[in-house]
Each structure stands twice: as structure tokens, then as C-alpha cells.
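Inspection log for the structure reproduced underneath, given as C-alpha cells.
Derivation of every value follows stated rules applied to the coordinates shown; laboratory data play no part. On a predicted model such as this, the values are computed, not experimentally measured, just so you know. Every residue, glycine as well, gets a Cβ built from its backbone with ideal geometry; the counts of neighbours run over all protein chains shown.
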Amino acid sequence: RQLIQFPVGLVAAALSFAVLPTLTEHARNGDAERFKQTLLLGFRVGLLLMIPAAVGLIVLREPVVDLLFRHHNYSAQDAARTALALQNYAYQLPFVAMDQLLIAAFYARKNTLIPVAVGIVSIAGYLAVALPFYTTIGMPALAFANTVQNTSHALILLVLLRMAIGTIRVRETIPTILKIVLAAAVMTAVATGLLWLLGHVALFSLSRLLGDLLTVVVVGGVAGTVYLGGVLLLRVEEVALVRNALMARLGRK
């Protein structure tokens, strides 16, 4: 759970706080067009960062879990169960980014009731998965139930916001999303292949903490570089926005 909260706090929460003042200004001025443009830009930036984060955690789930949680009474069964739970949690990351932005959109319109009400409704999605499968699958079922809960929260908010302000033109983001998904798919293939190759090298053995560390660093580093190269090659414009934001923040420090 803590592993998932890191990208959620670093990307999703930070992004929603960043766009909230702009959304609020556009809502106050009645500028629906710029409100939608700002929201869509937030979606694209959030997906640009969260899709590779989800892919990285899914592909590297086993060495990451071993590296962080292995200790004397941590069995192979415990590791497998925790790795599956991490995978099930990671599926929600792109939707959490959208969810945080949608919550900010409702707050900007001075409507705090709907996100709370939808949160109550989305608990039904959690219970629909958790209750029948917890006794047989255990913790991984609860992780997937949480993913269903947060994903349904985002999708319901999206529908309700569209009903409130009209079409949001989400289709305009499809070209960018396709580029991001393509870059992430190449990233996944490279990371999976590299994991297989390094699995035959004793230094990278996942039976040792050093092997886990080296695997996470090398595979994660190469996969991240491949993804960055992919989105640059495909000319995803939002990369420049992220870079400029980071440079501005570093400059202030």
C-alpha cells in the first residue's frame, strides 16, 4: 500500500493541487472552454507519469517486494502474495490521477458533496470484490477491491462532470494516450526481456538482496530511459511541460 501511495502523492495529489487554482479561476469566470482544456491537460500529464509508474511496479513487483520486505520470517509464499497485491494495487494508478483531477474540478465548481457521495457509492465496488474473494485469495483480493473502488470513483465522477458541464472532449486526448501506451508497451517488453536475461546472471539472482537491488536499479533505469525516449520520439508535448515544471521547481530551490 505504501508503495502505491508514493506515486499517488508525488504525481496525482501534486497535480490536482497545481491545477485547482486555475480550474477555480475558470469556473468563477464562467469560462467553460478553458476549464475543460485545463482538465484535459491535467489528464494527459497525469497519464504520462502514472502509466509508466504502474508498468514499472507491475513488471518489477517481485524484486521490489523482496528488496523492501524480506526478513528472517518472510517466506516465499508471503513474497508471492505481497507481489500479487502490489500488482493489483498498481492497476489503479492511471485512474487515481484522473480521479484526483476530477475531484479538484468539482471543488473548483464549489461542489464538495458529489465526490463524497460517489465515494460512498464506490464502496459497493470494493465490497463486491472483497467479500466473496477475501477468504480464498486474501490480501491480493483486498488490493484489487481497492483498485475497483478507486477506478469506479473516477469513472462515475467523469460521467457526472460531463452531465454538469457538457462534453469534456476526452476523445481529444486519445492520440496522446495512444502514444503513451505505445511507449509503455515498448518499456514493458524491454523490462520483461531484461529481467529474463538478468535472471541467468548470478549477480542478479533474486534470492539475494543485492540481486534484488541491482535488478530494480538496472531494469528500472533502462525501462525508464526507454519510456522517456519513446515519448520523446513520438513527440508527446506534455513531456516538455513536465520538464519545465521540474526545472522551475529546482530553480526555486
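Note on the chain: Cα-only Rg and Dmax are 19.7, 63 Å. Helices meeting the span-like rule in the chain (full DSSP H runs, Cα extent of at least 15 Å along the helix axis, mean Kyte-Doolittle score of -0.5 or higher): 14-29, 32-59, 76-90, 93-108, 113-137, 139-165, 174-198, 209-233, 238-252. Run the dipole for the chain about the Cα centre, Lys and Arg Cβ at +1, Asp and Glu Cβ at -1, nothing else charged, and hand back the magnitude in debye, nearest 20. For this selection, approximately 520 debye. Modelled this way, with points 7 Å down the Cα-to-C-beta line, the labels at L10 and L127 are 3.6 nm from one another. For region 1-146, the average shadow cast by the Cα convex hull is 9.5 nm², which is a quarter of the hull's surface. Note on the chain: with a GNM built from Cα contacts shorter than 10 Å, the maximum mean-square fluctuation among L15, L197, L232 falls on L197. Largest first, the extents of the alpha carbon coordinates of region 99-213 on the three principal axes equal 58, 41, 21 Å. Distance between the 7 Å Cα→Cβ label points at T136 and N244: 5.3 nm.
Legend: calculated FRET efficiency, R162 to V218, from the Cβ-Cβ distance at R0 = 51 Å, rounded to 0.05, equals 0.70. Remark: spin-label model distance L113-A80 equals 5.1 nm, labels positioned 7 Å along the Cα→Cβ axis.
Of all the options A154, A202, A13, the one that moves most in a Gaussian network model of the chain with Cα springs shorter than 10 angstrom is A202. Inverting the pair-averaged 1/r between distinct Cα atoms of region 147-220 gives 15.8 Å as its Kirkwood hydrodynamic radius.
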